[in-house]
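Worksheet: one structure, shown below.
The values are calculated or read from the model by the stated rules, or taken from the named source; none is laboratory data. What you see is a predicted model, and the numbers here were worked out from it, not measured in a lab. We place every Cβ from the backbone using ideal geometry, glycine too, and count neighbours over all the protein chains shown. Please note that ligands, DNA and RNA were not included when accessible areas were found on the heavy atoms of the full protein model with its side chains. Shrake-Rupley method; radii C 1.70, N 1.55, O 1.52, S 1.80 Å.
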Amino acid sequence: MRQNKRKRATSPVSDGNDQRGDPGAGQRAKKEAKTRKKVTVPTSSTESQKEEYHCWLMKSEPESRMEKGMDMKFGIEDLKAQPNQTACWDGVRNYQARNFLRAMKNGQEAFFYHSNCKEPGIIGIVKIVKEGYPDHTQFDPKNPHYDSSSKEDNPKWSMVDVQFVRMLKRYISLAELKRLHQKHKTTDGPLRNMALFTRARLSVQPLTQEEFGYILSLEEKNTEQESEGED
């Protein structure tokens, strides 16, 4: 997937790579409840403090979109269709999103977010089953995520393997989350600093345990209107 998502449906490969970046990120490089271990996210030179995350949100495109002859489509149903319902998350071409991938630990959970579609939102949950390793697509000249400046002895880009856990009881749309985010900014609610709105362009984003738990509570609501009334 590229930086707002996405990735091509491919089974995990040993020491290979997979993509789930987002279209914008791929072009720019070239042209995150259950077991949650404590993770220190690699920081850039511009970051003065390290941040720790336990949960994630990962974006991928559920609708067909051709790029260099390759369909970037990879929705949650595509993941479920993979052997063992497991696939690599390749194609991330944004350094911060890549660092988040590298910080992920086995057993941690992430929301599967459908992006670049008519109604973006969170549709299910996946878990990390293989920690960061080199993304093979960066070395393939025929792949939309090829990076000629990346070398096999010093790869720039990484990916992880994810496995389907379950569908949410209901689809939680971006519109619903945005309304809650706006409200929580004034009420100091759980979603006040959600990366989906403060670091919107990233295809791989961190979530605090508070954010992850609150969003899970939303699936128990029958309507968006009911959840809107909650802080």
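Quantify, in whole percent, the carbon and sulfur part of the accessible surface of segment 116-200 (1.4 Å probe; protein heavy atoms only). Working shown, then result.
Values: 1920 of 3990 Å².
Carbon and sulfur: 48 percent of the exposed surface of segment 116-200.
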Inset, instruction - Mind running the shape call on segment 170-217? Use the C-alpha gyration tensor, a ≥ b ≥ c as the square roots of the eigenvalues: rounded below 1.5 for a/c, prolate if a/b tops b/c, oblate otherwise. - result: rounded
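Provide the packing ranking of 64-71, 172-179, i.e. peptides ordered by the mean count of other C-beta atoms within 10 Å per residue, highest first. Don't skip to the end; give the middle numbers.
Details: 64-71: 12.0, 172-179: 17.6.
The peptides rank, most packed first, as 172-179, 64-71.
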Inset, instruction - Find how many whole Å separate the alpha carbon centroid of segment 93-117 from the alpha carbon centroid of segment 161-190. - result: 16 Å
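Go through 68/151; 118/183; 156/185; 59/185; 118/178; 68/178 and tell me which ones have a Cα-Cα distance over 26 Å in this structure.
Values: 68/151 22 Å; 118/183 24 Å; 156/185 36 Å; 59/185 23 Å; 118/178 16 Å; 68/178 33 Å.
Those over the limit are 156/185; 68/178.
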Inset, instruction - Could I have the simple spin-label model distance between residue 163 and residue 193, label points 7 Å from Cα toward Cβ, reported in nm to one decimal? - result: 3.3 nm
Legend entry - Nonlocal amide H pairs with residue 63, under 5 Å, H built at 1.01 Å: 74
Legend entry - FRET E, pair residue 217, residue 153, Förster distance 35 Å, beta-carbon r, rounded to 0.05: 0.15
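What is segment 60-102 by shape, rounded, prolate or oblate, if you read a ≥ b ≥ c off the alpha carbon gyration tensor as root eigenvalues and call it rounded for a/c under 1.5, prolate for a/b larger than b/c, and oblate otherwise? Could you put the intermediate results ahead of the total?
Details: a/c = 2.41, a/b = 1.20, b/c = 2.01.
Oblate is the answer for segment 60-102, as a/c is 1.5 or above yet b/c matches or exceeds a/b.
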Inset, instruction - Once you have a ≥ b ≥ c as the square roots of the Cα gyration tensor eigenvalues for segment 72-217, tell me rounded if a/c is under 1.5, and otherwise prolate or oblate according to whether a/b is larger than b/c. - result: prolate
Inset, instruction - With only Lys, Arg, Asp and Glu charged, each at its Cβ (+1 for the first two, -1 for the last two), find how big the charge dipole of segment 101-231 is about the Cα centre; round to the nearest 20 debye. - result: 240 debye
